[in-house]
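J.: Submitted below is the structure of interest, expressed as structure tokens.
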């Protein structure tokens, strides 16, 4: 498809971010085939709109923005499909574990399987999932995440805060269900 | 800095989003507060756990090659 050296160079640079886009697409769609379709479509669109990319800016954030916009447009319909998070209150896993005498608290994390963490992330509503993917998995700054998501930095911070609380609650529930921790004794959480 | 202030800034510290002054203030507090220091280590550990759990899915080599063919 491409002919000019500039276009080739652009495509090559864009492909250096493939893993980030694929991982993001996989976590958003939760389906390898749909993830590949989404990423391929995102790359084709990126090439089509190459002129709108400003050299020297964050190409990874720009590509991710294209990919997640396609996700919302084509795979999930409108943003209204996103469901809100459960209200877990001010859930701080560290404090919860400390209150229950699990010391050192970090040992609990070592006993949680990676697949359970992935499951907890994928259970988050997409608007909250994508901010965790960008900041925690891909290491984006809040500023770059805001650019990729097209929202103010404050929105990134508030979504991240709520997503992390939900994530910690999910991991805690798993830890209780699997016997890693015994659960609270006040009857609120034990299974 | 007191413990509530530290707790409030802990996530941004782990995310490397504090300015230099805030980082120094927080580091000073952590050095003198074992509880907050433990909390910091836990949050950093949790962030690493999320990253390492989710970043093991690499794009298949055949898919990369297919894209390369399409794009270049």
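J.: For residues in region A:101-120 being more than 18 Å from residue B:43 (Cβ to Cβ) and assigned to a loop (DSSP other than H, G, I, E, B), which is modelled with the lowest pLDDT?
T.: In the first step, residues of region A:101-120 are kept if they are more than 18 Å from residue B:43 (Cβ to Cβ); the result is A:101, A:113-116, A:118-119.
Remaining after also requiring assigned to a loop (DSSP other than H, G, I, E, B): A:101, A:113.
Details: A:101: 79, A:113: 89.
So the residue we want is A:101.
J.: Quick test of your reading of the structure: residue B:69 fulfils all but one of (1) loosely packed, with under 14 Cβ neighbours inside 10 Å; (2) at the interface with another protein chain (Cβ under 7 Å from one of its Cβ atoms). Name the failing condition by number.
T.: (2)
J.: Please indicate, with yes or no, whether at least one residue in region B:7-22 is away from chain A (no Cβ under 12 Å), part of a helix (DSSP H, G or I) and either surrounded by 14 or more Cβ atoms within 10 Å (Cβ to Cβ) or touching a residue at least 24 places away in the same chain (Cβ under 8 Å) (or both). Break it down stepwise before answering.
T.: Within region B:7-22, the subset away from chain A (no Cβ under 12 Å) is B:13, B:19-22.
Checking the rest, the ones that are also part of a helix (DSSP H, G or I) come to B:13, B:20-22.
Then keep just the ones that are either surrounded by 14 or more Cβ atoms within 10 Å (Cβ to Cβ) or touching a residue at least 24 places away in the same chain (Cβ under 8 Å) (or both); that gives B:13, B:22.
The answer is yes, given that some residue of region B:7-22 is away from chain A (no Cβ under 12 Å), part of a helix (DSSP H, G or I) and either surrounded by 14 or more Cβ atoms within 10 Å (Cβ to Cβ) or touching a residue at least 24 places away in the same chain (Cβ under 8 Å) (or both).
J.: Now for a different question. Would you be able to say whether some residue in region A:72-82 is touching a helix residue (DSSP H, G or I) at 6+ places or on another chain (Cβ under 6 Å), modelled with pLDDT of 90 or more and assigned to a loop (DSSP other than H, G, I, E, B)?
T.: no
J.: Residue under question is residue A:54, and the condition is that it be surrounded by fewer than 20 Cβ atoms within 10 Å (Cβ to Cβ) and closer than 20 Å to residue A:140 by Cα; does it hold?
T.: Working: surrounded by fewer than 20 Cβ atoms within 10 Å (Cβ to Cβ): yes; closer than 20 Å to residue A:140 by Cα: yes.
Here the answer is yes, as residue A:54 does meet what is asked.
Conditions (1) touching a residue at least 40 places away in the same chain (Cβ under 8 Å); (2) buried (at least 21 other Cβ atoms within 10 Å of the Cβ); (3) at the interface with chain B (Cβ under 10 Å from one of its Cβ atoms), marked per residue:
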residue	(1), (2), (3)
A:102	yes, no, no
A:115	no, no, yes
A:122	yes, no, yes
A:155	no, no, no
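J.: Counting only residues that are in contact (Cβ under 8 Å) with a residue 24 or more places away in the chain and away from chain A (no Cβ under 12 Å), which one in region B:27-43 is surrounded by the fewest Cβ atoms within 10 Å (Cβ to Cβ)?
T.: Initial filter on region B:27-43 (in contact (Cβ under 8 Å) with a residue 24 or more places away in the chain): B:28-30, B:33, B:35-36, B:39-40, B:43.
Keeping just the survivors that are away from chain A (no Cβ under 12 Å) gives B:28-30, B:33.
Numbers: B:28: 11, B:29: 18, B:30: 20, B:33: 16.
Among those that are in contact (Cβ under 8 Å) with a residue 24 or more places away in the chain and away from chain A (no Cβ under 12 Å), it is B:28.
J.: Now for a separate question. Take the residues in region A:20-43 that are at the interface with chain B (Cβ under 7 Å from one of its Cβ atoms) and over 14 Å from the mean Cα position of the chain (by Cα), then tell me which one is surrounded by the most Cβ atoms within 10 Å (Cβ to Cβ). I'd like the intermediate steps shown before the answer.
T.: Filtering region A:20-43 down to residues at the interface with chain B (Cβ under 7 Å from one of its Cβ atoms) leaves A:22-23, A:26-27, A:36, A:40, A:43.
With the extra rule that they be over 14 Å from the mean Cα position of the chain (by Cα), the set shrinks to A:36, A:40, A:43.
Details: A:36: 20, A:40: 17, A:43: 23.
Per the criteria, the residue is A:43.
J.: Sort through A:2, A:46, A:25 and tell me the only one that's farther than 30 Å from residue A:176 by Cα and modelled with pLDDT under 90.
T.: Answer to the selection: A:2.
J.: Applying the selection to region B:36-72, what residues are farther than 20 Å from residue A:140 by Cα and part of a loop (DSSP other than H, G, I, E, B)?
T.: B:60, B:72, listed by residue number.
The values are calculated or read from the model by the stated rules, or taken from the named source; none is laboratory data. Fair warning: this is a prediction, and the values are worked out from it, not measured in the lab. Note that we place each Cβ from the backbone using ideal geometry, even for glycine, and neighbour counts take in every protein chain shown.
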